[in-house]
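Structure first, commentary second.
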Amino acid sequence: MASQPPELDGFHFIRLLGSGGFSDVFLYEQELPKRSVAVKVLLTDGVDEAARARFVAEANVMARLSAHPYIVTIFHAGVAGDDRPYLVMEYCSGPSLADRLKRERIGVEDALRTGVRLSSAVATAHAAGILHRDIKPANVLTNALGWPALTDFGIASALEELPVHTTTLSELRREPSDTATSGSRSVGLSVPWSPPEMFSDDPDPDVRSDIFSLAATVHTLLAGRTPFEVPGRSNGTLDLMGRIERGMITPLDRTDVPASLTASLRRGMATRREDRYQSAVDFARALQRVELELGLAPTSIDVPNLSVGDARPAPGGSGDEQETRARAVATIRAQPEERPAAPVREAAEAAEPVAQEPAATRVRGVVPVVPQPSVAAARETAVPEHTVLRSRPPAPADDDTAAPPAEDAPVTTPRDPRRRLLTWIGVGAAAVVLLGVAATILANVLAPTAAPRTPAAGTGGDDGGIAVTVVPPPVLVSAVRAPDGASATFAWKTEHPEKGDQYTWVQEGTTNGPSVTTDPKVTVTGLTPGVPVCIDIATVRAGRTSEQLKACTS
């Protein structure tokens with residue numbers, strides 16, 4: 001039975017949202033500013049020093065990560081009049097992923113998009129030095145925009161301050177359950193999504209442990225059940241732990257899931273940590289490549305800009321030596337996977353440099369990180385060895401004073417006119433080859449200006465790469481504020497417009513959803529004079545959306 005909601009100044013109780021082992025969550029209405037909020041209240045029976053410490057740690061962790069679009073925002077923390085600690089959080093009106101699984105079949109596109117966005121949230125936590133340690137569908141809510149929102153950092157830990165004890169296999173030889181706890185010093189463990197290293201007597205999780213749980217969560221979305229659950233057989237806690245330790249993933253029973261996605265999920269849930277993706281961004285990029293393979297618009301990876309420098313190279317140095325810019329989030333665009341020979345593939349990816357576009361081209365301080373052509377691609381366009389012209393060594397002097405040649409030096413013979421003719425023919429042939437190579441390289445450089453190819457879903461281009469139609473972003477024509485300041489008119493255009501183009505726009509700083517129009521012009525009303533207004537505009541063409549244009553007027 002749920003506890004009684006506490007009396008909180010400035011908040012009006014609405015109803016119970018959910019109840020857990022250590023806390024209850026209630027829906028309140030905040031009076032100022034007026035909005036619906038979720039209030040998580042620690043249960044009286046569970047309040048001891050360890051519980052209080054975990055509750056405070058959760059508040060501090062969520063406060064550090066709340067700026068991310070896919071992490072639940074925390075507004076306030078305090079202690080109620082009845083001495084119960086509470087958190088005031090963003091109210092996510094949509095169902096959790098666990099609830100969605102109970103009533104619908106989640107499509108591949110939705111699962112990929114959700115996986116990339118959750119990877120962004122997990123990467124953000126890792127960049128802040130935080131392990132979530134309990135990623136599962138029930139801990140992913142849906143906000144008012146339909147976006148996933150990662151929550152419940154109740155057992156999250158700083159990377160350098162891991163707890164001394166978690167629930168182990170020997171402690172679970174009692175009644176099995178999905179989430180197991182043991183004693184006040186133990187920390188909850190969601191077994192169906194936990195990696196094998198968490199079952200040891202002295203667990204030492206790291207970022208790859210979260211990646212296992214992340215991949216297991218995406219697998220659950222596609223399968224409709226946990227990855228190690230076998231229909232028709234015993235699926236107790238001990239059964240699941242044994243299968244997890246042996247890497248016995250139940251195959252996906254879906255024909256619409258490509259083999260590349262299955263392989264990515266299996267790598268993410270590898271038994272050995274060394275065989276998994278080494279970062280959440282790496283896992284997100286793998287999902288992006290599947291999106292490109294299916295002809296889908298790749299979902300952006302939004303990560304904290306903790307190590308992204310200025311796009312302009314410093315004089316006499318590389319971009320890596322520059323100071324970090326003060327921006328909140330960097331968006332990493334999708335990059336198709338290169339196909340060099342297997343032994344050199346990882347080395348090519350590791351050596352791949354990353355360049356950046358100017359910060360002014362993005363919205364809300366977001367910096368796009370665009371990958372440069374890979375080492376493998378560079379090898380494909382390199383000039384063949386046999387076509388390179390090399391200068392001939394100087395002939396020895398004709399006079400008697402010339403130094404005698406070394407014993408291993410080549411013997412020089414008198415020039416033959418026919419040989420000279422053959423030499424010039426060879427030079428001419430080499431020049432023709434070089435001109436052909438240069439023309440090919442120039443054509444590749446200029447290729448983006450031509451109409452991009454749109455292959456069928458799941459197919460690649462002629463060179464083995466993946467061709468994706470890019471929708472051109474809008475370009476601002478004018479932004480004019482009315483004389484009374486109560487409205488503003490924005491006009492824009494799109495290069496190479498096509499019939500059927502539509503535009504979405506949304507006013508920043510409001511809770512209104514995006515609006516759709518076919519006219520590249522809109523008037524925003526109800527403005528406050530003297531307060532700047534900005535809107536985000538994007539072109540929608542054939543189901544694909546362009547990069548956003550941020551248009552502002554004061």
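Since every read-out is calculated from the coordinates, none of them should be taken as a lab result. What you see is a predicted model, and the numbers here were worked out from it, not measured in a lab. Here the Cβ is made from the backbone with ideal geometry for all residues, glycine too, and neighbour counts use every protein chain on show.
Taking trypsin sites (Lys or Arg not before Pro) across the stretch 478-554, the ones in a DSSP loop with at most 16 further Cβ atoms lying within 10 angstrom of their Cβ are Lys499.
For the listed residue pairs Lys40/Lys102; Lys34/Lys102; Lys521/Lys550; Lys102/Lys136, the alpha carbons are over 21 angstrom apart in Lys40/Lys102; Lys34/Lys102.
The loop-placed trypsin sites (Lys or Arg not before Pro) in the stretch 1-74, going by DSSP, that have at most 16 neighbouring Cβ atoms within 10 Å of their Cβ come out as Lys34.
Summing charges over all other residues whose Cβ lies under 15 Å from the Cβ of Val531, with Lys and Arg as +1 and Asp and Glu as -1, gives -1.
Considering only Ala51, Tyr28, Gly81, whose Cα is most displaced toward the positive end of the charge dipole of the stretch 11-90, charges sitting on Cβ of Lys, Arg (+1) and Asp, Glu (-1)? The listed residue farthest towards the positive side: Tyr28. On a per residue basis, the convex hull of the C-alpha atoms belonging to the stretch 11-90 measures out at 98 Å³. For Lys102 and Ala144, a Förster radius of 30 Å and the Cβ-Cβ distance give a FRET efficiency of 0.90, rounded to the nearest 0.05. Extension gain, Arg225 to His496, is 92.9 nm, computed as 0.36 nm per intervening residue step minus the present C-alpha separation.
Please work out the FRET efficiency for the pair Asp484 and Thr518, using the Cβ-Cβ distance as r and a Förster radius of 30 Å; give the result to the nearest 0.05. Efficiency for this residue pair is about 0.60.
Counting every other Cβ atom within 10 Å of each residue's Cβ, Glu495, Glu229, Glu58 order from fewest to most as Glu495, Glu229, Glu58.
Altogether, the Stokes-Einstein calculation at 25 °C and 0.890 mPa s, with the Kirkwood radius of the stretch 471-515 over Cα pairs as Rh, returns a diffusion coefficient of 195 µm²/s.
Around Pro69, with a cut-off of 9 angstrom between Cβ atoms, what is the net charge of the other residues, counting Lys and Arg +1 and Asp and Glu -1? Every neighbour counted, the sum reads 0.
In this structure, the amide hydrogen of Leu527, modeled 1.01 Å from its nitrogen in the peptide plane, lies closer than 5 angstrom to those of Ser487, counting only residues at least 5 positions away or on a different chain.
Sorted ascending by nearby beta carbons within 10 Å, beginning with the fewest, Val257, Val516, Val88, Val72 become Val516, Val257, Val88, Val72. Close amide-amide hydrogen proximity is noted between Gly18 and Val25, each under 5 Å apart and 5 or more residues distant or on a separate chain (H modeled in the peptide plane; Pro and chain starts excluded). Computed from label points 7 Å out along Cα-Cβ, the spacing between Asp201 and Ala263 is 4.1 nm.
Of the GluC sites (Glu not before Pro) in the stretch 82-120, which ones lie in a loop per DSSP and count no more than 12 other C-beta atoms within 10 Å? Passing both the DSSP loop test and the Cβ count: Glu104. Counting Lys and Arg as +1 and Asp and Glu as -1 over every other residue whose Cβ lies under 9 Å from the Cβ of Arg267, the net charge comes to +1.
Here the gap between Asp282 and Gln4, fully extended at 0.36 nm per residue and compared with their Cα-Cα distance, gives a gain of 95.6 nm. Using bins of 5 Å that start at zero, the share of Cα-Cα pairs per bin across the stretch 474-553 amounts to 3, 15, 28, 24, 16, 8, 4, 1, in whole %. In order along the stretch 49-61, the Karplus-derived 3J(HN,Hα) couplings, from 6.51 cos²θ - 1.76 cosθ + 1.60 at θ = phi - 60°, round to 4, 5, 5, 4, 5, 5, 5, 5, 4, 4, 4, 5, 5 Hz, and Gly and Pro are given as x.
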